Amino acid sequence: MTLSEKVRAIYPDLQESDFRTVIEIRNDADGRGDYIAKWEHPTLARPTQEQLDAVEE
Amino acid sequence: MAKIRIKGDTSGYVDLQAPDVAGAGSITVPNLSGTLLTSASDSSDFPSAILTSTSDITPSASPVFDMRGINTDQDISAETWNKVTMNTSTVDTNSMIDLTNNRVTPTVAGYYAVSGMIRINFDTLTQIVLVGIRKNGSEVAAVQYQLGSDNIQNGQYPIHTTIVQCNGTTDYIELYGYVGDAATFSDITTTSQSSILSGFLVRAT
């Protein structure tokens, strides 16, 4: 499951456009993988690592 | 009309004539040996230091870079900005291309014209693609391809030329892409159709 899929699992109401406006998930092709580079959503809190890990489980 | 005529040793002559207008002018002849040139002189008479053609005006020292991702098969996630990995330096006049970090770090300060293109193969048809040029990780310019439904297919997606100012030491330029659904960058072996990040110095600072 990708990071954007995990975020969507936590916040099912997110739209695709949110990921190119108020949220930015980025991959710098440096081996670190996907990460949340920006979270400026007006109402939803940035998910914690625990929340993201729980989705994977 | 006053003029001075200087005759050649065997034939011909040259007239020195003042214009028939008010005012005073002067000509200073330097203490050097050489040939005076006029507006009618042939370009071959000019010293080599004088610009005589467009090739003299275009600076041969202007930095140029062009790097490509050829058949890199870079798998990318949906709804994620992915830096495009590059594996080939096509042109690099000033040691600017860093294939390890997939970036260009100009070594001459100035304004650079930068453009790019990403070759994208989609796992399924998608609705949106963005291509962006970034300086030091921050977006400088981006172009968005979007349809009303999932109908965007495999192909090359270019971004227009944009101007990026670089300090010539630490500033770097990268190419990023965003897709609505999972895809693969640079899944093609043809060099001319591969992902590209290219540019050149427009004006030094």
Check your understanding: For B:GLN144, are the conditions met, namely being in contact with a helix residue (DSSP H, G or I) (Cβ under 7 Å, 6 or more places away or on another chain) and not hydrophobic (A, V, I, L, M, F, W, C)?
Key -> no
**Study point:** Residue ID - nearest to B:TYR176 (Cα to Cα), chosen from residues in segment A:4-22 that are within 11 Å of the chain's Cα centre (by Cα) and within 7 Å of chain B (Cβ to nearest Cβ)
**Key:** A:PHE19
Point to revise | For A:PHE19: the one exception among (1) closer than 21 Å to B:ASN136 by Cα; (2) assigned to a helix (DSSP H, G or I); (3) touching a strand residue (DSSP E or B) at 6+ places or on another chain (Cβ under 6 Å); (4) of a type outside the set (A, V, I, L, M) | key: (3)
Review point. Taking the stated definitions as given, is B:SER89 of a type in the set (Ser, Thr, Tyr), surrounded by 19 or more Cβ atoms within 10 Å (Cβ to Cβ) and under 25 Å from A:ARG26 (Cβ atoms)?
Key: no
Check your understanding: Can you spot a residue in segment B:105-114 that is under 23 Å from B:THR189 (Cβ atoms), within 21 Å of the chain's Cα centre (by Cα), in a loop (DSSP other than H, G, I, E, B) and touching a residue at least 24 places away in the same chain (Cβ under 8 Å)?
Key -> no
Study note, to complete from the structure: If you go through B:ASN136, B:ASN87, B:ASN94, B:ASN71, the only one that is out of contact with any Leu (no Cβ under 8 Å at 6 or more places or on another chain), among the polar types (S, T, N, Q) and within 14 Å of chain A (Cβ to nearest Cβ) is B:ASN136
Exercise for review: Give the residue, chosen from B:THR161, B:THR169, that is touching a Gly at 6+ places or on another chain (Cβ under 9 Å), at pLDDT 95 or above and either hydrophobic (A, V, I, L, M, F, W, C) or surrounded by fewer than 18 Cβ atoms within 10 Å (Cβ to Cβ) (or both).
Suggested key: B:THR161
Check your understanding: Among the residues of segment B:79-93, which ones are over 12 Å from B:ILE120 (Cβ atoms) and assigned to a loop (DSSP other than H, G, I, E, B)?
Key -> B:GLU79, B:THR80, B:THR85, B:MET86, B:ASN87, B:THR93
Review point. Restricting attention to segment B:98-111, does a residue exist that is within 28 Å of A:GLY33 (Cβ to Cβ), within 12 Å of chain A (Cβ to nearest Cβ) and modelled with pLDDT under 95?
Key: no
Study note, to complete from the structure: For segment B:115-133 the number of residues that are more than 19 Å from the chain's Cα centre (by Cα), aliphatic (A, V, I, L, M) and more than 13 Å from chain A (Cβ to nearest Cβ) is 2
Check your understanding: Do the conditions hold for B:VAL143, that is, is it within 24 Å of A:GLN15 (Cα to Cα) and assigned to a strand (DSSP E or B)?
Key -> yes
Study note, to complete from the structure: Log entry, pairs with first residue in segment B:171-192 being in contact (Cβ under 8 Å) with a residue 60 or more places away in the chain and over 21 Å from B:ASN101 (Cα atoms), second being among the hydrophobic types (A, V, I, L, M, F, W, C) and surrounded by fewer than 18 Cβ atoms within 10 Å (Cβ to Cβ), beta carbons closer than 8 Å, six or more apart or on different chains, reads B:ASP181/B:LEU125
Exercise for review: Give segment A:23-50 a look and list any residue that's in a loop (DSSP other than H, G, I, E, B), surrounded by 15 or more Cβ atoms within 10 Å (Cβ to Cβ) and within 9 Å of another protein chain (Cβ to nearest Cβ), or say none.
Suggested key: A:ASP28, A:ALA29, A:ASP34
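The values are calculated or read from the model by the stated rules, or taken from the named source; none is laboratory data. On a predicted model such as this, the values are computed, not experimentally measured, just so you know. A quick note on method: Cβ atoms are made from the backbone with ideal geometry, for glycine too, and the neighbour counts reach across all protein chains shown.
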